[in-house]
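Enquirer: My questions all concern the structure below.
The values are calculated or read from the model by the stated rules, or taken from the named source; none is laboratory data. None of the values given here were measured: they were computed from a predicted structure. Don't worry about glycine lacking a Cβ; one is built from the backbone with ideal geometry, like all the others, and counts go over all protein chains shown.
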């Protein structure tokens, strides 16, 4: 471990000042994941970053942020890399100016570019390797994620590259409840519940092969072509890479069943009738295998 750390420091000095690197390492290694269930995570309040490990699924880690700008500086660039690149000839980690321009062109800010995030460790390894190769100067908040992965032995740094030790582990990000700030919107308890549930639905898709296969069958065999197109149009409006069919299926199940806030997802936003949306939900619930997440949640949060 000591040898790997020394090699890591030498390599990262190309893209990060030494002082910032050491601060990131110390900050990340001071944070240890806390085992918790859904209710414990939802009810928690903290003025500092908390990292949870789901008690019923230890392959799922949740970064719980006391602020949307803090969360955005940690995960926005990663989400742009994993979910929103569809015109680039090859995957590319945006530099700070490119990221700022991209967010501005999306009519978003660091605080509302995305309210929750989900990413596989294998995708994080790709992100950090591309950033290292292209000498992209990452934010200190992003380096905290990288160093957490190293400390938890989800990733190792070996012979000049990051390698996934647990590629199928999942990292999520959600915000704490908060009042409206000058540069950040309010996060109500209902919004936090929706974001947490939605992101955990992605984790279920990643880590439960039976559930994932059911979602794929539902997409291809149960939904009609016009219904699939409705989801594509809905997701395209939020800059998702709709050429990625696996991403579409994952987002479909998370929005269809696990996004009770009508401001985030509704029949109107999908461009269909309430009756058709309810029929789709009924068909999904009827065929889905048992999972830990609640399949029926109150709407109108």
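Let's see how each residue does on (1) within 20 Å of residue 200 (Cα to Cα); (2) touching a residue at least 40 places away in the same chain (Cβ under 8 Å); (3) crowded, with 16+ Cβ neighbours inside 10 Å; (4) not assigned by TED's automatic domain parsing to the domain that holds residue 108:
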| residue | (1), (2), (3), (4) |
| --- | --- |
| 234 | no, no, yes, yes |
| 243 | no, yes, no, yes |
| 247 | yes, yes, yes, yes |
| 250 | yes, yes, yes, yes |
| 256 | yes, no, yes, yes |
| 270 | no, yes, yes, yes |
| 283 | no, yes, no, yes |
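Enquirer: Please pick out the residue among 132, 99 that is touching a strand residue (DSSP E or B) at 6+ places or on another chain (Cβ under 8 Å) and either in a loop (DSSP other than H, G, I, E, B) or more than 12 Å from residue 173 (Cα to Cα) (or both). Spell out how you get there, then give the answer.
Expert: Working: 99 fails: touching a strand residue (DSSP E or B) at 6+ places or on another chain (Cβ under 8 Å).
The unique qualifying residue is 132.
Enquirer: If a residue counts only when it is over 24 Å from residue 60 (Cβ atoms), which helices (runs of 4 or more DSSP H) contained entirely in segment 205-301 have at least 2 such residues?
Expert: Values: elements: 209-217, 225-236, 245-258, 267-270, 274-287.
The helices (runs of 4 or more DSSP H) meeting that bar are 225-236, 267-270, 274-287.
Enquirer: Still on this structure: Any residue in segment 157-168 that is in contact with a strand residue (DSSP E or B) (Cβ under 7 Å, 6 or more places away or on another chain) and surrounded by 18 or more Cβ atoms within 10 Å (Cβ to Cβ)?
Expert: Scanning segment 157-168, I find at least one residue that is in contact with a strand residue (DSSP E or B) (Cβ under 7 Å, 6 or more places away or on another chain) and surrounded by 18 or more Cβ atoms within 10 Å (Cβ to Cβ), so the answer is yes.
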